[in-house]
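These notes concern the structure reproduced below.
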Amino acid sequence: MSKKQLINRIIQIIIVLFGISLITFTLIYLAPGDPVRTMYAASGMIPSEDVIQQIRESMGLNDPFFVQYWNWLSSCLRGDFGISYSTKKPVIDIILLKLVPTLKLAFMSLIVMLIIAVPFGILAAVKKNKVIDFLIRGTTFLGLSIPNFWVGLMLLYFIALKFKLLPVVSTGDGIEKMILPVLTLAFSMAAKYTRQVRTVVLEELNQDYVIGARARGIKENIILLRHVLPNSLLPLITLLGLSLGSLLGGTAVVEVIFSYPGLGNMAVSAITSYDYPLIQAYVMWIALIYMIINLLIDISYKYLDPRVKERG
């Protein structure tokens with residue numbers, strides 16, 4: 001990626017973030033209820049109407065929409081996302097505190113998924129239309145059909161409650177407390193990626209360079225390891241980046257099931273308690289992380305695959 005392309009991508013990210021911020025703020029602005037009453041209700045207090053109006057005035061909630069939006073956006077650009085209604089703590093501190101466990105969960109899930117998907121995908125491609133291929137494809141189809149929350153509940157019931165092999169609540173401290181949520185997230189991803197790996201490897205196995213290598217008597221294992229796998233890396237890296245972005249924003253159900261202290265669980269709690277500043281910050285951070293990950297993947301193309309050409 002050239003310097004000009006990088007600048008264009010950064011400009012695109014800024015424009016998209018601006019659009020997301022405007023949409024997010026508008027939806028929160030139009031949401032039913034009074035933020036001040038919600039804030040006090042979370043603390044169990046019921047102030048008088050005069051106090052509510054004074055606080056609304058001090059918080060700028062009586063200002064026109066675009067004035068409120070500009071004040072909020074300028075504060076966000078300075079790293080100030082406001083104060084949480086429910087915890088009375090700075091929102092940025094809560095986000096950063098919950099981000100680390102979610103990143104840990106996401107990366108561990110991706111690693112477990114790759115350990116399962118890559119060898120089985122290659123095996124299915126090499127043994128195309130044989131018994132092992134049909135077994136792997138059937139299993140992956142079943143994995144894609146089962147929702148994450150059902151897998152999590154079954155693992156929780158049998159492994160944690162019935163056989164008591166692992167703890168029920170996952171606090172994020174220690175490997176044994178992360179096994180169940182990691183397996184839950186890796187299960188459906190492994191099913192999808194196994195099929196993707198099989199498809200990519202099959203496409204490479206039909207390329208002319210593979211046919212030529214076989215004609216020269218090169219062993220099949222060497223062809224797979226030295227030629228097919230490196231050339232299959234680029235589309236898989238793209239999918240991995242998309243999956244990591246979706247994991248950071250889409251683990252809410254799994255985190256709630258296992259009481260995992262991550263961003264998803266925090267977002268659900270913020271929604272149920274009408275914690276508007278926390279919801280807004282969560283949306284903005286997830287969008288920013290997702291776009292940065294995709295930008296890093298695009299930058300890595302040049303180093304992962306020399307065939308990728310620079311285009312204006």
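So which residue, out of A160, A125, A190, gets the largest mean-square fluctuation from a GNM of the chain using Cα contacts under 10 Å as springs?
Evaluated over the chain, the most mobile residue of the options is A160.
Could you work out the relative contact order of the range 148-218, using alpha carbon pairs under 8 angstrom and six or more residues apart, expressed as a whole percent?
Worked out over the range 148-218, it gives 23 percent.
Size of the dipole of the range 78-232 about the Cα centre, Lys and Arg at +1 and Asp and Glu at -1 on the beta carbon, nothing else charged, in debye to 20?
With only Lys, Arg, Asp and Glu charged at Cβ, the dipole is about 200 debye.
Among the lysines, which fall within straight-line cross-link reach of K128, defined as a Cα-Cα distance under 22 Å, with same-chain neighbours fewer than 8 residues apart omitted?
Partners found: K192, K219.
Straight-line reach from K89: which aspartates and glutamates have Cα under 13 Å away, leaving out those fewer than 8 places along the same chain?
The qualifying aspartates and glutamates are D80, D275.
By the scheme Lys and Arg +1, Asp and Glu -1, what is the net charge of all other residues having a beta-carbon under 13 Å from that of F120?
+4
Answer with a single label: of (1) 1.11; (2) 1.25; (3) 1.15, which was calculated as Cα Rg over 2.2 N^0.38 Å from the structure in view?
Comparing each candidate, only (2) matches the computed number.
Amide H of I83 versus every other amide H placed in the peptide plane: which residues, excluding those fewer than 5 positions away on the same chain, fall under 5 Å?
V91
At most 11 other Cβ atoms within 10 Å and a DSSP loop assignment: could you name the trypsin sites (Lys or Arg not before Pro) in the range 1-92 that fit?
The qualifying sites are R78, K88.
Divide by every residue of the chain the summed helix terms, -39500 (n - 2.57) for each DSSP H run of at least 4, and state the resulting mean residue ellipticity at 222 nm, rounded to the nearest 500 deg cm²/dmol.
Per the formula, -24000 deg cm²/dmol.
Computed FRET efficiency, Cβ-Cβ of S259 and L239, R0 45 Å: what is it to the nearest 0.05?
E between S259 and L239, to the nearest 0.05, is 0.90.
Hey, for a label at M154 modelled as a point 7 Å past Cα toward Cβ, could you say which residues of the range 123-141 have their backbone N under 15 Å away?
Output list for this probe position: 138-141.
In nanometres, what is the gap between the two model label sites at Q5 and K219, each 7 Å from Cα along Cα-to-Cβ?
Taking the two extended label points, one gets 3.8 nm.
How far is helix 3-30 tilted off the main Cα axis of the chain, in degrees rounded to 10, range 0 to 90?
40 degrees
Treating cross-link reach as a plain straight distance, find the lysines whose alpha-carbon is under 18 Å from the alpha-carbon of K177, omitting any fewer than eight places away in the same chain.
Qualifying lysines at Cα under 18 Å: K98, K104, K162, K164.
How far, in degrees from 0 to 90, does helix 91-126 lean away from the longest principal axis of the Cα atoms of the chain, to the nearest 10?
Approximately 20 degrees, to the nearest 10.
No lab work stands behind these numbers, since they all come straight from the coordinates. The structure presented is a predicted model; accordingly, all values stated were derived computationally and were not measured. Backbone-built Cβ (ideal geometry, glycine too); neighbour counts: all protein chains shown.
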